[in-house]
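Q: Submitted below is the structure of interest, expressed as structure tokens.
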């Protein structure tokens, strides 16, 4: 079993009963949530936990190469992190992790292991069910890259080696957040996972639907609102737009506003 990095942000006097688990998506690690997590903890009084997927951040990589990991290798540790908290959890998932979380709702019917309870599901700049295909095509065109064969098959894909390229993909236009506050949270990704998500995933019937909310970036270079609206309808989730944010909502200028909106939504569920 993989050793999963988890960053804990716990206030001296928590003001809310429900813990928040923050889960990053592709090309990131738990450190991507630092600013949003601290705002939720220090300002709003939530217990907050942020986990890195296998092979990301400080988590182990037992398969020795990131590209040996598939989608289920990411979904299963997420299920264990929810269970590990031993109480209903508000899961906030970014990008592809929103689809991993959606899988948890399905896996309750046929999983070989137990998962924990979700008190709520927040989806931040989610990957649409139709997959990465539209973004990959646009990315290659913007940066004049060929297909995924640009790198050897055994090496993890790293699309964001340069700050200028990464800034254009993750942050909003004009966002001057210093490089040191976000760039190091970016990393390579599994080629196998990218290929699996290229064409999207089929949404299977859910056993249950926790309260859900979708937080979109105002300036998302990856996906537009129309692409993710089917997922919002599937989850019966209201959509909010975080102003001044790019796809990496929690990385740039939108990090604090995202925390404020998460707090307002989860607090309303307590009333």
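The values are calculated or read from the model by the stated rules, or taken from the named source; none is laboratory data. Everything numeric in this text was worked out from a predicted model, so none of it was measured. Cβ placement follows ideal geometry from the backbone for every residue including glycine, while neighbour counts extend to all protein chains displayed.
Q: For the stretch 155-185, which positions are under 22 Å from residue 70 (Cα atoms) and either modelled with pLDDT of 95 or more or surrounded by fewer than 11 Cβ atoms within 10 Å (Cβ to Cβ) (or both)?
A: Answer for the stretch 155-185, where residues must be under 22 Å from residue 70 (Cα atoms) and either modelled with pLDDT of 95 or more or surrounded by fewer than 11 Cβ atoms within 10 Å (Cβ to Cβ) (or both): just 185.
Q: Let me spell it out: the conditions are (1) out of contact with any strand residue (DSSP E or B) (no Cβ under 7 Å at 6 or more places or on another chain); (2) assigned to a helix (DSSP H, G or I), and residue 14 meets all of them except one. Which number is the exception?
A: Only one criterion in (1) out of contact with any strand residue (DSSP E or B) (no Cβ under 7 Å at 6 or more places or on another chain); (2) assigned to a helix (DSSP H, G or I) is unmet by residue 14, namely (2).
Q: Can you find a residue in the stretch 252-264 that is surrounded by 14 or more Cβ atoms within 10 Å (Cβ to Cβ) and either within 28 Å of residue 68 (Cα to Cα) or over 18 Å from the mean Cα position of the chain (by Cα) (or both)?
A: Within the stretch 252-264, not a single residue is surrounded by 14 or more Cβ atoms within 10 Å (Cβ to Cβ) and either within 28 Å of residue 68 (Cα to Cα) or over 18 Å from the mean Cα position of the chain (by Cα) (or both).
Q: Determine which single condition residue 230 fails, assuming it passes every other condition in (1) assigned to a helix (DSSP H, G or I); (2) closer than 30 Å to residue 117 by Cα; (3) within 16 Å of the chain's Cα centre (by Cα).
A: Failed condition: (3).
Q: Still on this structure, I have one more. Here are some residues: 46, 33. Which one is buried (at least 20 other Cβ atoms within 10 Å of the Cβ), under 10 Å from the mean Cα position of the chain (by Cα) and farther than 15 Å from residue 82 by Cα?
A: None of the other options fit; the residue is 33.
Q: Okay, next question. Would you mind telling me which numbered condition in (1) touching a helix residue (DSSP H, G or I) at 6+ places or on another chain (Cβ under 6 Å); (2) surrounded by fewer than 23 Cβ atoms within 10 Å (Cβ to Cβ); (3) assigned to a loop (DSSP other than H, G, I, E, B) residue 223 fails?
A: Here residue 223 clears every test but (1).
Q: Now, a different point. Yes or no: residue 106 touching a residue at least 24 places away in the same chain (Cβ under 8 Å) and more than 19 Å from the chain's Cα centre (by Cα)?
A: In short, no.
Q: Could you tell me whether any residue of the stretch 177-188 is at positive phi, assigned to a loop (DSSP other than H, G, I, E, B) and under 18 Å from the mean Cα position of the chain (by Cα)?
A: Scanning the stretch 177-188, I find no residue that is at positive phi, assigned to a loop (DSSP other than H, G, I, E, B) and under 18 Å from the mean Cα position of the chain (by Cα), so the answer is no.
Q: Mind listing whichever residues of the stretch 43-64 are under 16 Å from residue 256 (Cβ atoms) and out of contact with any strand residue (DSSP E or B) (no Cβ under 8 Å at 6 or more places or on another chain)?
A: The answer is 43, 44, 45.
Q: Does residue 244 count as touching a helix residue (DSSP H, G or I) at 6+ places or on another chain (Cβ under 9 Å), part of a loop (DSSP other than H, G, I, E, B) and either surrounded by 14 or more Cβ atoms within 10 Å (Cβ to Cβ) or at pLDDT below 95 (or both)?
A: no
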